[in-house]
Amino acid sequence: MDIKSPWSEELSQFQFQLLAIKFLVIGTVLHIKFKLNFFKSGISNIQDYMRRNFFIKVQIDCFQDVPVRIVARAARTHFKVIKNLNPKIIGHYLPTGSHDILLPKGASVGFQARYRQLLKRFLAAMEKRIYVVEKGDNLTLIAEKFNVPLTALIMWNRVDPNRPIQPGDRLFIYPNRIREKSQTSIGTVVEFD
């Protein structure tokens, strides 16, 4: 027979209350320290404070539309990080022109060199991936011909799916290249780039 002491329940409630008070005090102290540092910095709003202390601004010159993923790779971060830091970027491409981009602090070291190298490789690969539309072609046939998703083909070329393509139009195609093929007990496994 298990006998519960009335003290054990009260003691556990008391411990919980002490823990909650401890977290509140620590959180309040950290908040006050943050506010003091913020006001000492002379910056007028919290977003500017965060950007100055955790991010760095770099300038990128785009001579044509550049995928945001190239910027992310050059910054050694993820596409989503670049998009979240730069809400003015709409879509998956930076349009032609000069752009001030926020990067996580530390990502700017060697960024420009990596960006130029990745952009150079991207542009060289682009030349090999252009398909000229022929008579009788449509987006579905082209996607099937190169084994790529129709939605990807539309996104890569910013094509209006409701507007027919014309012979002579140039489309960018990024076909999946087979990197490795191996047999498993389940079947054949194919990995794509």
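Bear in mind these aren't lab numbers, they're just calculated from the coordinates by the rules spelled out. Note that the coordinates shown come from a computational prediction; the quantities given were computed from them, not determined experimentally. Cβ: placed from backbone, ideal geometry, glycine included. Neighbour counts: every protein chain shown.
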Query - FRET E, pair residue 130, residue 57, Förster distance 30 Å, beta-carbon r, rounded to 0.05 - result: 0.30
Query raised in the report: For residue 141 and residue 112, what is the calculated FRET efficiency with R₀ set at 41 Å and r taken between the beta-carbons, to the nearest 0.05?
Result: 0.50
Report summary line: Footprinting proxy, 66, 58: sorted fewest to most Cβ within 10 Å, the residues are 58, 66
Report task. Calculate, in nm to one decimal, what residue 14 and residue 159 gain on full extension: separation in residues at 0.36 nm each, minus their alpha carbon distance. Result -> 45.7 nm
Report summary line: Surpassing 24 Å at the alpha-carbon level, of the pairs 57/80; 22/105; 80/145; 83/145; 22/80; 83/105, are 22/105; 80/145; 83/145; 22/80
Report task. Provide the FRET efficiency to the nearest 0.05 for the residue 26-residue 100 pair, computing r from the beta carbons and using R0 = 41 Å. Result -> 0.65
